[in-house]
1. Can you pull out the residues in the stretch A:10-39 that are under 23 Å from the mean Cα position of the chain (by Cα) and not in a loop (DSSP other than H, G, I, E, B)?
2. Go through (1) at pLDDT 95 or above; (2) outside the structural domain of residue B:137 (by TED's automatic domain parsing); (3) in a helix (DSSP H, G or I) and name the single condition residue B:11 misses.
3. For the stretch A:57-89, what are the residues that are among the basic types (Lys, Arg) and modelled with pLDDT of 95 or more?
4. Of all the strands (runs of 3 or more DSSP E) wholly in the stretch A:92-150, which have at least 3 residues that are facing chain B (nearest Cβ under 7 Å) and within 25 Å of residue B:107 (Cα to Cα)?
5. Just checking, which of A:125, A:135 is touching a residue at least 40 places away in the same chain (Cβ under 8 Å) and either out of contact with any Gly (no Cβ under 6 Å at 6 or more places or on another chain) or not hydroxyl-bearing (Ser, Thr, Tyr) (or both)?
6. Which numbered condition in (1) within 28 Å of residue B:49 (Cα to Cα); (2) polar (S, T, N, Q); (3) assigned to a helix (DSSP H, G or I) is the only one that residue A:69 fails?
7. Could you count how many residues in the stretch B:92-106 are closer than 11 Å to residue B:72 by Cα and more than 7 Å from chain A (Cβ to nearest Cβ)?
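The values are calculated or read from the model by the stated rules, or taken from the named source; none is laboratory data. Here the structure is a predicted model, which is why all the values come from computation and not from measurement. Reconstructed Cβ throughout: ideal geometry from the backbone, glycine too, with neighbour counts over all protein chains shown.
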Amino acid sequence: MNLTEQEKALIRELQRGFKLERRPFLRAARAVDMTEEGVIAKVAEWLKNGVIRRVGIAVRPQKVGNAANALVAWKVHAERVEEVGTAMAKHAEVSHCYERDCPPGWPYNLFTMIHARDEEQLEKLLARFEETLGLEKPKVLRTVRELKKSSMRYFEEKAE
Amino acid sequence: MDEKDREIIRLLQNGFPLEPEPFKTLGDKLWIDESGVISRLARMMQDEAIRYVGPFFDSRLLGYVGALAAMDVPAERVDEVAAILAEYHEITHNYLRDGTPNVWFTIIARDEARKQAILDDVKRRGNIASIQLFQARRLFKVRMDQD
């Protein structure tokens, strides 16, 4: 992806999040010397080509009523990864689902992030996945404590 | 949080209007005025129910490389090591989890060399024997609004 300096500047500006004011695109436009329509058109273009995955909000799961959050890793045979990954991705409780290359000694190759109301719901959901998809007991890595959560900021590295 | 707040969250999870006056458009759908939408969002951000309003960029399409990483840190040193990880803006998420390894973090860097440099740094500064890397091979789903 070849970006112009102005496009990088726009990304730096937009990734700080919208100001909660009537015309958030106008503020971004002024900061990078573009027009408001120009910024909106650029965001629409990036949304279309995938550079922007979505425009919306990030919520804190614990604050919207999910108390049991876990990274759950499943052992899935290579030939079933497609089927199982696709099936898991359909569930609203699954926010992330990735097949990953794993270090030696770690056979759990399909990683899901699962958010449930409480521990009981989480257990039920895992049991249902095991049963319907015919999977072995997964590695359940419950969140004990959030140590850091931030949004990545691109093109802000200092020149070295 | 009341029903209108939840409606605003639901609407925004489906996408933000790409228009000059986006909060007016949202308000029109919910029978509240523009300033009502803005003040509700401001309150939810202050209460930390909402962490961010804006676009989510695809790190890979911007040329960045990422990975999930894990390492084992003795309980009494978790805070000290967390403080080191917190210094790198390329380390975006870090969680203490039950089981082994117990500290899991995500890293996004502008290239492989920078990623390796950060991991080496963390090992040396945190006195960590080894960091395990779980490189994404295939993405099935990412809902960054729950991220």
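1. Once the filter is applied, which keeps residues that are under 23 Å from the mean Cα position of the chain (by Cα) and not in a loop (DSSP other than H, G, I, E, B), the stretch A:10-39 yields A:10, A:11, A:12, A:13, A:14.
2. (1)
3. Scanning the stretch A:57-89 gives A:75, A:80.
4. Correct list: A:94-101, A:139-149.
5. From the options A:125, A:135, the qualifying one is A:135.
6. (3)
7. The total comes to 4.
For (1) assigned to a helix (DSSP H, G or I); (2) under 21 Å from the mean Cα position of the chain (by Cα); (3) surrounded by fewer than 20 Cβ atoms within 10 Å (Cβ to Cβ); (4) at the interface with another protein chain (Cβ under 7 Å from one of its Cβ atoms), each residue gets a yes or a no:
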position: B:85; (1), (2), (3), (4): yes, yes, no, yes
position: B:117; (1), (2), (3), (4): yes, no, yes, no
position: B:122; (1), (2), (3), (4): yes, yes, no, no
position: B:125; (1), (2), (3), (4): yes, no, yes, no
position: B:129; (1), (2), (3), (4): no, no, yes, no
position: B:136; (1), (2), (3), (4): no, yes, yes, yes
position: B:141; (1), (2), (3), (4): no, yes, yes, yes
